[in-house]
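Trainee: I have a structure I would like to understand better, so I am pasting it below and will then ask my questions one at a time.
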Amino acid sequence: MLLEVQGLCVNYGHIEAIRDISFGVEQGEITALIGANGAGKTTTLKTISGLRKVRRGKIVFDGKDITHAPTYERVKMGISQSPEGRGVFPGMTVRENLDMGAYARTDRKTAAYQQDLERVFQLFPRLEERVNQAGGTLSGGEQQMLAIGRALMARPRLVLLDEPSMGLAPRLIQQIFSIITEINDQGTTVLLVEQNASQALRRAHQAHVLETGEIVRSGTGAELSGDESVKAAYLGGDL
Ligand code: ATP
């Protein structure tokens, strides 16, 4: 396992946002967390990134206990996140946003850095076309591409994607999910949080259903797609 989450509990004051959740992310795979609004998906990703404090439990990355490691250490170790709502720096250009994703890297003048930039432009040609445009003037779909591209510029071993399809038109949703599969095929392990359960389950090797802060079901993407209770609760009208 590249990432192991063991008995994790996270609170906001007295509110228990996640309660005793345990799951793993296998190296080379796409793992999906699905669930309704408020189930605790974003909190889980933020905690793995070190942006929320752990009340109880443990996070292990590549065999090392990172439960209390600062976020910048986790980025250096190979974990980066594309946040919910994209978090594009609006006054910075596309290129500057991408460079911010590589903030913790010391190899910006090297061929490896240039290769990563080219990888992002190959995945998202639209970003290359708009490289000098301010992030805040991009469309919603383009901002989503930029948020994912920025996360990739950290050269992560594990990329955390929070609701990449949120607010996008159906055609763009398909495109974003295909690109997530491509990123994974290129060797990056993915932990994907989604409300668009059918697309997420179609792409995921493993998946977990979160309900009010707890994991209530786990299985392969195909198993959960065929599970009657998952179908009834989560696979209604998605594309
Ligand atoms: P969404 O898809 O709507 O973001 P989610 O599954 O990602 O939902 P979280 O955002 O992780 O859910 O929220 C889990 C719980 O924690 C919810 O009950 C939410 O109200 C609560 N919560 C989240 N952020 C805060 C906060 N900053 N302060 C207090 N409570 C919070």
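Trainee: Between a first residue in region 152-173 that is more than 18 Å from VAL88 (Cβ to Cβ) and at pLDDT below 95 and a second residue that is open to solvent by less than 60 Å² (accessible area, probe 1.4 Å) and within 16 Å of the ligand (Cβ to nearest atom), which pairs have beta carbons less than 6 Å apart while being 6 or more apart in sequence or on different chains?
Mentor: ILE173/SER165
Trainee: Could I ask something else about it? Among the listed residues ASP227, ASP238, which satisfies the condition of being within 16 Å of the ligand (Cβ to nearest atom), at pLDDT below 95 and open to solvent by less than 70 Å² (accessible area, probe 1.4 Å)? Can you show your working first?
Mentor: Values: ASP227 fails: within 16 Å of the ligand (Cβ to nearest atom).
That would be ASP238, the only listed residue that is within 16 Å of the ligand (Cβ to nearest atom), at pLDDT below 95 and open to solvent by less than 70 Å² (accessible area, probe 1.4 Å).
Trainee: Which of the following residues is more than 10 Å from the ligand (Cβ to nearest atom) and in contact with a His (Cβ under 9 Å, 6 or more places away or on another chain): ILE21, ILE48, ILE34? Walk me through how you get there before you give the answer.
Mentor: On the way: ILE48 fails: in contact with a His (Cβ under 9 Å, 6 or more places away or on another chain); ILE34 fails: more than 10 Å from the ligand (Cβ to nearest atom).
Exactly one residue qualifies, and that residue is ILE21.
Trainee: In region 139-239, which helices (runs of 4 or more DSSP H) lie fully inside it and hold 3 or more residues that are touching a Ser or Thr at 6+ places or on another chain (Cβ under 6 Å)? Don't jump to the end; show me each part of the working.
Mentor: Numbers: elements: 140-152, 170-185, 197-203, 221-226, 228-234.
Helices (runs of 4 or more DSSP H) meeting the threshold: 140-152.
Trainee: Only one residue in ILE66, ILE48, ILE59 is open to solvent by less than 10 Å² (accessible area, probe 1.4 Å), of a type outside the set (Phe, Trp, Tyr) and within 12 Å of the chain's Cα centre (by Cα). Which one? Outline the logic, then answer.
Mentor: Numbers: ILE66 fails: within 12 Å of the chain's Cα centre (by Cα); ILE59 fails: within 12 Å of the chain's Cα centre (by Cα).
Unique residue meeting the criteria: ILE48.
Trainee: Please work out which one of (1) within 12 Å of the ligand (Cβ to nearest atom); (2) over 18 Å from ALA200 (Cα atoms); (3) assigned to a loop (DSSP other than H, G, I, E, B); (4) among the charged types (D, E, K, R) is the condition ARG105 fails and give its number.
Mentor: (1)
Trainee: Also: Any residue in region 34-55 that's in contact (Cβ under 8 Å) with a residue 60 or more places away in the chain and over 16 Å from SER80 (Cα atoms): show its pairings with residues that are part of a loop (DSSP other than H, G, I, E, B) and away from the ligand (no atom under 11 Å from the Cβ) at Cβ separation under 8 Å, as long as the two are six or more apart or on different chains.
Mentor: From residues that are in contact (Cβ under 8 Å) with a residue 60 or more places away in the chain and over 16 Å from SER80 (Cα atoms), there are no pairs.
The values are calculated or read from the model by the stated rules, or taken from the named source; none is laboratory data. Just so we're clear, the structure is a prediction, and the values are computed from it rather than from any experiment. Cβ: placed from backbone, ideal geometry, glycine included. Neighbour counts: every protein chain shown. Calculation scope for accessible area: heavy atoms of the full protein, side chains included, ligands and nucleic acids excluded. Shrake-Rupley method; radii C 1.70, N 1.55, O 1.52, S 1.80 Å.
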